[in-house]
């Protein structure tokens, strides 16, 4: 479905009224293909988060419609993401335990509505953060710590979804505890449910390989293949009817509890709209979750939007502050009716680009198709086994925590791998915010030990000289590291892009440039080129790289790359 024409040979598509008409075919086809991918993922992410299955669909529909008209991000698909499962599930679990211990009401219902209230509060923070131009938040966090956090999320998703894929009921606990229990889950598995989960996992891993070798299969997304294989298996095993069966001398039970719960009639989804319980915000711990929803959700969304901009064949740039306002507004609307928090989702966005989308109306059409499907065909969606959705999430988890991530970090440098592993372990042992805070703290400590002056941790030291009508020389000293990058970048943009000047950036007098800044300087060079300008990096040859990777940390003094 990809449009093979050269982007350079045509006008840049825009998500305006003209774009809606001119690129309707491209956007609708791409929206349809993304819809096929998004539907099962929305259901699975919602269940894994402790929300009703329909909640993820609410989120994708609202995100697609609201952000299409508020954001200028042309290629991103907004919706629930696996990276937020851990946060939302943790919030629901804590409210459930507190409510069960203090009241005689329905703990599960209260926890769900409490999490919605947390989502509303976090969405308001996102909106204000965007209004006051906080979209640079994604530039603060060091990349190794971010990747370590995402890898930890992947491990947690795998640990929590293995029992679901095996048909083990009631599996709960902290991440490390659930990892230790994995052998027990296999001993307690329900064989027929586990067969569905195994087929789903096999499809998720084998189908991409088949697509590489048989090009005609690329148009068929693996989640759709899973539905075509596991739904018939569920019907063959008669999951819709309560019954027992025997396998190698043991008796097992099957029923609809292994299928996703959906409305039993058309338009029943509207009866499942749920409103927040704002009394939950009176609990002090609720604000910890507000912070996590806000910080992690905003960070993931901003990083994803930036990544998608780099993939956009037309190199259109998202206004990150505007996008944050759009996502916050959509999150507010979604939480008010029972939806999950959303972000700019990288996997669906990549599929959107690969499917030939031209404008952000592809996101709009994927939302409209979700609305149509869930409103008109809920009884058919009820036939989807939970184990099949768990299989998709296990695959997603392995992508986040793939061994290649560890090899990539080691290739960049042992210092980068150290931060990555420490953050991963810290998140597994504590929670996301504490874990990434530990990773950041360790990284700062390493920088200080390597000679970075304390005064330059948060402030860049830049000397500016105009050397011609079109060129500015900026000499950097002390350090260029993740924690002072926001101000560092702002100065470069102010003297370069805003004043239409080329910049020669002399880094020879720097004590240390970390991996995060090395990578972001290259991204900024591309932004300069798109504006017809140059950002030249001088003096790198006088610095000592800690590995052969081009983005490795660099030091002024010679040390052994330990």
Residue 176 versus (1) under 17 Å from residue 394 (Cα atoms); (2) modelled with pLDDT of 95 or more: which is the lone unmet condition? (2)
Pick out, from region 136-252, the helices (runs of 4 or more DSSP H) lying fully within it that include 2 or more residues that are buried (at least 16 other Cβ atoms within 10 Å of the Cβ). 143-166, 175-180, 191-213, 222-236
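Each row is one residue, and each column tells you yes or no for (1) outside any helix (DSSP H, G or I); (2) under 18 Å from the mean Cα position of the chain (by Cα); (3) assigned by TED's automatic domain parsing to the domain that holds residue 170; (4) under 29 Å from residue 206 (Cβ atoms).
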| site | (1), (2), (3), (4) |
| --- | --- |
| 351 | no, yes, yes, yes |
| 357 | yes, no, yes, yes |
| 362 | no, no, yes, yes |
| 375 | no, no, yes, no |
| 389 | no, yes, yes, yes |
If you scan region 449-463, which residues turn out to be exposed (fewer than 14 other Cβ atoms within 10 Å of the Cβ) and either in the same structural domain as residue 291 (by TED's automatic domain parsing) or part of a helix (DSSP H, G or I) (or both)? 449, 454, 455
In region 22-41, is there at least one residue being over 25 Å from residue 394 (Cα atoms) and in contact with a strand residue (DSSP E or B) (Cβ under 6 Å, 6 or more places away or on another chain)? no
Flag for residue 280 being in contact with a strand residue (DSSP E or B) (Cβ under 8 Å, 6 or more places away or on another chain), assigned to a helix (DSSP H, G or I) and surrounded by 21 or more Cβ atoms within 10 Å (Cβ to Cβ): no
Would you say residue 310 is at pLDDT below 95 and either closer than 27 Å to residue 22 by Cβ or out of contact with any helix residue (DSSP H, G or I) (no Cβ under 6 Å at 6 or more places or on another chain) (or both)? yes
Conditions (1) surrounded by fewer than 19 Cβ atoms within 10 Å (Cβ to Cβ); (2) in the same structural domain as residue 22 (by TED's automatic domain parsing); (3) more than 13 Å from residue 75 (Cα to Cα) -> residue 334 fails only (1)
Looking at 396, 475, can you tell me which residue is at negative phi, assigned to a strand (DSSP E or B) and crowded, with 16+ Cβ neighbours inside 10 Å? 475
Regarding region 529-545, can at least one residue be identified that is in contact with a helix residue (DSSP H, G or I) (Cβ under 8 Å, 6 or more places away or on another chain) and either more than 27 Å from residue 471 (Cβ to Cβ) or exposed (fewer than 14 other Cβ atoms within 10 Å of the Cβ) (or both)? no
Only one of (1) at pLDDT below 95; (2) closer than 29 Å to residue 166 by Cβ does not apply to residue 268, and that is (2)
For residues that are assigned to a strand (DSSP E or B), surrounded by fewer than 20 Cβ atoms within 10 Å (Cβ to Cβ) and touching a helix residue (DSSP H, G or I) at 6+ places or on another chain (Cβ under 8 Å), tally how many sit in region 253-264. 0
Can you tell me which of 378, 385 is buried (at least 24 other Cβ atoms within 10 Å of the Cβ) and closer than 30 Å to residue 241 by Cβ? 385
For region 152-178, what are the residues that are touching a residue at least 60 places away in the same chain (Cβ under 8 Å) and more than 16 Å from residue 85 (Cα to Cα)? 165, 166, 167, 169, 176
Within region 493-524, the residues that are within 32 Å of the chain's Cα centre (by Cα), over 27 Å from residue 413 (Cα atoms) and either part of a helix (DSSP H, G or I) or without any contact (Cβ under 8 Å) to a residue 12 or more places away in the chain (or both) are 493, 494, 498
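The values are calculated or read from the model by the stated rules, or taken from the named source; none is laboratory data. No experiment lies behind these values; they were computed from the predicted model shown. Heads up, the Cβs are rebuilt from the backbone with ideal geometry, glycines too, and the neighbour counts pull from every protein chain shown.
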